[in-house]
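To start, the structure itself, in C-alpha cells.
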Amino acid sequence: MCSWPDGPGLIELDSVDSTNREGHRRAAALDIPTWILARMQVSGRGRQGTEWQSIAGNLHATLVLPLGNASEVSPLRSFVAALALRDALVAVNGNNADYRLKWPNDVLQDGGKVAGILLESAIEGCSGRLLIGFGVNLAAAPELPGRPEGSPPPVSVAAAGRAICPKSFLGRLAGAWRRRECQFLAEGFLPIRSEWLSHAHGIGREASFRMTRSVLRGTFRTIDPDGLAVVEAGGVRHRVAAAEMMIG
C-alpha cells in the first residue's frame, strides 16, 4: 500500500451522495487540505450536472483546499490537478498506457476517458475553500449507452494491466498533488501550463466546443495564461472559458 503523505488530512467514508457534496458540508470545519474518500457514491456528479456512475473499486474522492487570499487563481488548480492525476496514473501503469490531458479537466488513457475532475467553490459563507473532485475508473469502466457522438469511450486502469485499490491510489495522488501544488505556488502557472500542453489531447486538431447556448467549431490551438482554450475559427482566435470539447 502506498503510504499517506505528510500534511493533508484524510476522511474515509463507506458511502455518500457525492464526495463533493460531503466536502461542501464539511468545508467550514477544515483548515488544512483534506481528502474525502468514499468507497461508494450514490449520486456522483460530473461537469454541468451530468451523472457520474460510481462503481465499487473505482476512486471517488474530493480534496477540500483552503486558499486564503488566493481564491482568484482557483480555476488554474484544474491544470495542477490534471498533472497530479497523470503523475499518479503513470506511477501505477508506467509506459503501459498513453495518458493525455483533455481540456478542460479529463484524463485519457490510450484515447479513452479514464478520469474526470470537478472543481467547485465552497458553499456560501465559507469563502476561501476550493473543492476538487476526482473520479477515476480504477477497476471498471461504466457502460454509457447514451454517450455523445465524438466523446472518448470510458476505459479503466485495470484494462491497462494494473489493479490497485482506491486508498492506495489516493495515496499516490495526494503525494503527486502536494508536489504539483508546491510547484504552482513557487513558480506560478507558466511551467504548469507548459507541461500540461506537452501532454495535451487535440492540439492543432479540429474540434467542437459545446457551450451552454452555442457551439464553436474550429482548430484547438493552445490554452492561454488564464487557462482558457484558444480556438481559431474563420481566421479569428476565440478564448473559451468553459465548454465540452469534442475532437473531430
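The values are calculated or read from the model by the stated rules, or taken from the named source; none is laboratory data. These numbers come from a predicted model, not from an experiment. Note: ideal-geometry Cβ built from the backbone for every residue, glycine included; neighbour counts use all protein chains shown. The accessibility values were calculated without ligands, DNA or RNA, using every heavy atom of the protein model including side chains. Shrake-Rupley method; radii C 1.70, N 1.55, O 1.52, S 1.80 Å.
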For region 196-210, the count of residues that are part of a helix (DSSP H, G or I) and crowded, with 18+ Cβ neighbours inside 10 Å equals 1
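When you go through Arg221, Arg213, Arg217 one by one, which is the residue that is open to solvent by 80 Å² or more (accessible area, probe 1.4 Å), part of a loop (DSSP other than H, G, I, E, B) and out of contact with any helix residue (DSSP H, G or I) (no Cβ under 8 Å at 6 or more places or on another chain)? Break it down into steps so the answer makes sense when it comes.
Values: Arg221 fails: part of a loop (DSSP other than H, G, I, E, B); Arg217 fails: part of a loop (DSSP other than H, G, I, E, B).
Every option except Arg213 fails the conditions.
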Would a scan of region 183-192 turn up a residue that is closer than 16 Å to Gly116 by Cβ, open to solvent by less than 20 Å² (accessible area, probe 1.4 Å), at pLDDT 95 or above and hydrophobic (A, V, I, L, M, F, W, C)?
no
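Can you tell me which residues in region 224-248 are assigned to a strand (DSSP E or B) and open to solvent by less than 80 Å² (accessible area, probe 1.4 Å)? Before you say what the answer is, go through the steps one by one.
Let us first name the residues in region 224-248 that are assigned to a strand (DSSP E or B), namely 229-233, 236-240, 244-247.
Result: Ala229, Val230, Val231, Glu232, Ala233, Val236, His238, Val240, Glu244, Met245, Met246, Ile247.
Per-residue answers, yes or no, for (1) among the hydrophobic types (A, V, I, L, M, F, W, C); (2) open to solvent by less than 40 Å² (accessible area, probe 1.4 Å); (3) modelled with pLDDT of 95 or more:
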residue: Ser3; (1), (2), (3): no, no, no
residue: Gly7; (1), (2), (3): no, no, no
residue: Glu22; (1), (2), (3): no, yes, yes
residue: Ala27; (1), (2), (3): yes, yes, no
residue: Arg45; (1), (2), (3): no, no, no
residue: Gly49; (1), (2), (3): no, no, no
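Going residue by residue through region 122-138, is there one that turns out to be among the aliphatic types (A, V, I, L, M), in a loop (DSSP other than H, G, I, E, B) and modelled with pLDDT of 95 or more? Write out each step before concluding.
Pass one, region 122-138, residues among the aliphatic types (A, V, I, L, M): 122-123, 130-132, 136, 138.
Of the ones still in play, those that are also in a loop (DSSP other than H, G, I, E, B) are 122-123, 138.
Checking the rest, the ones that are also modelled with pLDDT of 95 or more come to 138.
Yes, because at least one residue in region 122-138 is among the aliphatic types (A, V, I, L, M), in a loop (DSSP other than H, G, I, E, B) and modelled with pLDDT of 95 or more.
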Checked region 92-103 for anything under 10 Å from the mean Cα position of the chain (by Cα) and open to solvent by 20 Å² or more (accessible area, probe 1.4 Å); matches are none
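Looking at region 77-88, is at least one residue under 22 Å from Arg205 (Cβ atoms) and free of Cβ contacts under 8 Å to residues at least 60 places away in the same chain?
Let us first name the residues in region 77-88 that are under 22 Å from Arg205 (Cβ atoms), namely 78-79, 82-83, 86.
Pick out the ones that are also free of Cβ contacts under 8 Å to residues at least 60 places away in the same chain and you get none.
Among the residues of region 77-88, not one is under 22 Å from Arg205 (Cβ atoms) and free of Cβ contacts under 8 Å to residues at least 60 places away in the same chain, which makes the answer no.
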